[in-house]
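The values are calculated or read from the model by the stated rules, or taken from the named source; none is laboratory data. What you see is a predicted model, and the numbers here were worked out from it, not measured in a lab. Using ideal geometry, Cβ is built from the backbone for each residue, glycine included, and neighbour counts are taken over all protein chains shown.
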Amino acid sequence: MQNEAGNPAPKGLWGKLWAHVPSGIVCLLIIFLLFGFVGYKMGMAQMLNTIMHTAHDLLLNTVFYLMGICVITGAIGKLFVEFGVVDLLEKLLRPLMKPLFNLPGVASLGAVMTFLSDNPAIISLSQDKRFSSYFKKFQFISLTNFGTAFGMGLIVIVFMVGQGFFAEPLIGLFGAFCGCVVSTRCMQHFVVKAYPQYAVENACDTNLGELENQTVQIEEKSVFLRTLNSLLDGGKTGVEVGVAIIPGVLIISTLVMILTFGASANGQYTGAAYEGIELLPALANKADWFFRFVFGFTDPHQIAFPITALGAVGAALGLVPNFLRQGWIDGNAIAVFTAIGMCWSGFLSTHTAMLDSLGYRELTSKAIISHTIGGIVAALMAHWVFLLYMAIV
């Protein structure tokens, strides 16, 4: 039996009742329950004031700081592309692609590009037929997981270094690399298992020889002009990325902080920024043994970072300065945050769009499962390598 939308009708009395409830009522019910609970704990006026003050402080002290990093790293990234540094890195990384990721050597270019910018860079690169002609279909589809694991990597590392940590972000980079191997391999396994023909079919039917015979006219420019254009164009791209992260930081981070932080120092709710009901730490305490083993977390508040990174790594980074002020973060947390922030980098909000643009939307669930596993592996590796590092030094 099917409903009017053509979907299978829910079974049972409750299922039949649920099928006739308008989605608008469900949405309102969830909102009233969430904010009703928070308002009951904090007071409605204090809750609204805390939301506005937190969002305002995040905008001024976190978003603009992140935007500054995005502009600088965007300019550097564009400069690297213009003067062949990216090509050099691609040649150095190419030998690692086949044995570790089961990808052709040119895939390393995608890793470098997403590291310097964001997840969607791998998609814009895959639209190039010359690039996609090197891949089998199962490899081509796994680029979604491969590229996401390095998304905003330079921004994350520079941000952590700006907070006063140096070795820890590099350990996190290694963890993200390990998580990328697991995520990419898992995705390839799932794709081949579901569609065995993709193991031999080419991602692009266009003849590679024809593509290589195509020539591109490059305008001759002076070194000064190329440098200036690269810096300005890259900086402009950085501004676009900085603007794009504003909704995620203000909306997601504000909500997560309200669910993470507690009342003011005197135990009262005053409506100041960064007050909350400490719901996430209370839930994290229920599975403290798991987070301590996998992530090495020593404070239940730290679980807010990976939860936020699922949707937006920029929003997750917005949590770090306040966590540092509260004394909730140590070196291990920074290493794990870097690893899981890079590897997940908001994949829940980008994987659907990325696979849709590639034309394989039906594989979204497999990509999400693979990348969830990869992120946990990244955090686990960062934690244990940090312990090894501390034992050595």
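If the condition is being touching a helix residue (DSSP H, G or I) at 6+ places or on another chain (Cβ under 7 Å) and of a type outside the set (A, V, I, L, M, F, W, C), then the stretch 62-90 contributes T62, T73, G74, G77, K78, E82, E90.
Report whether or not L100 is surrounded by 13 or more Cβ atoms within 10 Å (Cβ to Cβ), in contact with a helix residue (DSSP H, G or I) (Cβ under 7 Å, 6 or more places away or on another chain), within 30 Å of K136 (Cα to Cα) and modelled with pLDDT of 85 or more. Even if it seems obvious, please write down each step before you answer.
Values: surrounded by 13 or more Cβ atoms within 10 Å (Cβ to Cβ): yes; in contact with a helix residue (DSSP H, G or I) (Cβ under 7 Å, 6 or more places away or on another chain): yes; within 30 Å of K136 (Cα to Cα): yes; modelled with pLDDT of 85 or more: yes.
Yes; evaluated as a whole, the condition is true for this residue.
From the list F146, F115, F138, the lone residue that is touching a helix residue (DSSP H, G or I) at 6+ places or on another chain (Cβ under 9 Å), under 21 Å from G68 (Cα atoms) and buried (at least 21 other Cβ atoms within 10 Å of the Cβ) is F115. The set of residues in the stretch 249-288 being in a helix (DSSP H, G or I) and out of contact with any helix residue (DSSP H, G or I) (no Cβ under 9 Å at 6 or more places or on another chain) consists of K286 alone. With respect to being free of Cβ contacts under 8 Å to residues at least 40 places away in the same chain and closer than 25 Å to A203 by Cα, T144 falls outside the description. Among the residues in the stretch 164-181, are any modelled with pLDDT of 85 or more, more than 18 Å from the chain's Cα centre (by Cα) and in a helix (DSSP H, G or I)? Taking every residue of the stretch 164-181 in turn, at least one turns out to be modelled with pLDDT of 85 or more, more than 18 Å from the chain's Cα centre (by Cα) and in a helix (DSSP H, G or I). Looking at the structure I just gave you, is P306 at pLDDT below 85 and either buried (at least 21 other Cβ atoms within 10 Å of the Cβ) or part of a helix (DSSP H, G or I) (or both)? Taking the combined requirement at face value, the residue does not satisfy it. For first residues located in the stretch 23-45 and on the phi < 0 side of the Ramachandran plot, partners that are surrounded by 12 or more Cβ atoms within 10 Å (Cβ to Cβ) and small (G, A, S) and lie 6+ apart or on another chain with Cβ distances below 7 Å form the pairs A45/G271.
Within the option set F159, F80, F150, F131, being modelled with pLDDT of 80 or more and part of a helix (DSSP H, G or I) holds for one residue only, F159.
Looking across the stretch 323-349, the residues that are touching a helix residue (DSSP H, G or I) at 6+ places or on another chain (Cβ under 7 Å), surrounded by fewer than 24 Cβ atoms within 10 Å (Cβ to Cβ) and of a type outside the set (A, V, I, L, M, F, W, C) come down to G331, N332. Residue check: G311 meets all listed conditions (1) touching a residue at least 40 places away in the same chain (Cβ under 8 Å); (2) assigned to a helix (DSSP H, G or I); (3) not acidic (D, E) but one, namely (2).
Counting only residues that are of a type outside the set (S, T, N, Q) and buried (at least 22 other Cβ atoms within 10 Å of the Cβ), which one in the stretch 257-279 is farthest from T62 (Cα to Cα)? Talk me through it step by step, then tell me what you get.
From the stretch 257-279, those of a type outside the set (S, T, N, Q) are 257-259, 261-263, 265, 267, 269, 271-279; that's our starting set.
If we keep only those that are buried (at least 22 other Cβ atoms within 10 Å of the Cβ) as well, we get 257-258, 261, 275-276.
Working: M257: 14, I258: 17, F261: 17, E275: 17, G276: 19 Å.
Checking each candidate, the answer is G276.
Any residue that is surrounded by fewer than 15 Cβ atoms within 10 Å (Cβ to Cβ), more than 30 Å from L228 (Cα to Cα) and either touching a residue at least 60 places away in the same chain (Cβ under 8 Å) or of a type in the set (S, T, N, Q) (or both) - is there at least one of those in the stretch 77-86? Within the stretch 77-86, not a single residue is surrounded by fewer than 15 Cβ atoms within 10 Å (Cβ to Cβ), more than 30 Å from L228 (Cα to Cα) and either touching a residue at least 60 places away in the same chain (Cβ under 8 Å) or of a type in the set (S, T, N, Q) (or both). Do we have G374 as over 26 Å from C186 (Cα atoms), of a type outside the set (K, R) and in contact with a Ser or Thr (Cβ under 7 Å, 6 or more places away or on another chain) here? Judged against the criteria, G374 is not a match.
Restricting attention to the stretch 289-303 and to residues that are in a loop (DSSP other than H, G, I, E, B) and not hydroxyl-bearing (S, T, Y), the residue that is surrounded by the fewest Cβ atoms within 10 Å (Cβ to Cβ) turns out to be D299.
Which one of these is assigned to a helix (DSSP H, G or I) and touching a residue at least 24 places away in the same chain (Cβ under 8 Å): I376, I368, I329? Explain how you work it out, then say what you get.
On the way: I368 fails: touching a residue at least 24 places away in the same chain (Cβ under 8 Å); I329 fails: assigned to a helix (DSSP H, G or I).
Only one candidate passes the filter, namely I376.
Table: residues versus (1) in contact with an Asp or Glu (Cβ under 7 Å, 6 or more places away or on another chain); (2) over 30 Å from Y269 (Cα atoms); (3) modelled with pLDDT of 85 or more; (4) of a type outside the set (S, T, N, Q).
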position: N7; (1), (2), (3), (4): no, yes, no, no
position: A55; (1), (2), (3), (4): no, no, yes, yes
position: T62; (1), (2), (3), (4): no, no, no, no
position: V71; (1), (2), (3), (4): no, yes, no, yes
position: G74; (1), (2), (3), (4): no, yes, no, yes
